[in-house]
Amino acid sequence: MAKELYERLGVSETASEQQILVAYNRKCADSAPEMQASLKEAYDILSDLEQRAYYDIRGTKPGRRHKRSTTSSSSGNRETITNIRTALNMVFMLGALITVILYVMHLSGGSSTPFFWACGISLAIKIVEYLLRLFR
């Protein structure tokens with residue numbers, strides 16, 4: 001995995017936010033103004049939990065798509081995705097209730113096929129909901 005940003009600030013990959021801040025301030029005080037932009041970039045990525053996780057997993061700097069945005073279209077898109085996730089969670093909870101009812105019916109001697117279908121549909125709903133988290 002890439003360690004360039006950690007090396008730039010002189011911290012380990014397990015450094016806390018406080019350690020990253022201290023290292024950033026120390027390096028900025030000791031470096032030339034030309035280097036401060038490079039240090040700020042490293043600090044901005046490593047101090048943001050989502051961007052740091054992206055960097056740790058992929059080994060590359062997050063692109064614009066992965067940075068937090070404050071534009072109105074981005075917040076509107078985020079709100080739409082949140083509404084879809086909420087609706088999917090409600091459907092999932094209803095599906096979980098139906099699954100429990102079908103399981104009780106199965107235990108009392110009914111067919112197990114509807115129970116398995118309900119489990120599969122609930123699983124599919126949860127997978128879609130988790131995939132939507134990627135677009136948050």
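Quick notes on this structure:
- If only residues of segment 30-41 that are open to solvent by 80 Å² or more (accessible area, probe 1.4 Å) and at pLDDT below 90 are counted, the one that is nearest to residue 52 (Cα to Cα) is 35.
- Subset tally (residues that are among the small types (Gly, Ala, Ser), surrounded by fewer than 15 Cβ atoms within 10 Å (Cβ to Cβ) and part of a helix (DSSP H, G or I)) for segment 101-135: 2
- Residue 81 vs. criteria modelled with pLDDT of 80 or more, part of a helix (DSSP H, G or I), in contact with a Lys or Arg (Cβ under 7 Å, 6 or more places away or on another chain) and open to solvent by less than 80 Å² (accessible area, probe 1.4 Å): no
- Scanning segment 8-28 for residues that are more than 13 Å from residue 38 (Cα to Cα) and under 25 Å from the mean Cα position of the chain (by Cα) gives 11, 12, 13, 14, 15, 16, 17, 18, 19, 20, 21.
- Residues located in segment 91-108, provided they are free of Cβ contacts under 8 Å to residues at least 24 places away in the same chain and under 12 Å from residue 122 (Cα atoms): 93, 94, 97, 98, 99, 100
- The set of residues from segment 31-57 being of a type outside the set (Val, Ile, Thr), out of contact with any helix residue (DSSP H, G or I) (no Cβ under 9 Å at 6 or more places or on another chain) and assigned to a helix (DSSP H, G or I) comprises 33, 34, 37, 53, 56.
- Hits in segment 14-26 (condition: open to solvent by less than 70 Å² (accessible area, probe 1.4 Å) and not β-branched (Val, Ile, Thr)): 15, 16, 21, 23, 24
The values are calculated or read from the model by the stated rules, or taken from the named source; none is laboratory data. Because the structure is predicted, anything quoted here is derived from the model rather than measured. Cβ coordinates were reconstructed from backbone atoms using ideal geometry, including for glycine residues, and neighbour counts include every protein chain displayed. Keep in mind that these areas ignore ligands, DNA and RNA; they rest on the heavy atoms of the full protein, side chains included. Shrake-Rupley method; radii C 1.70, N 1.55, O 1.52, S 1.80 Å.
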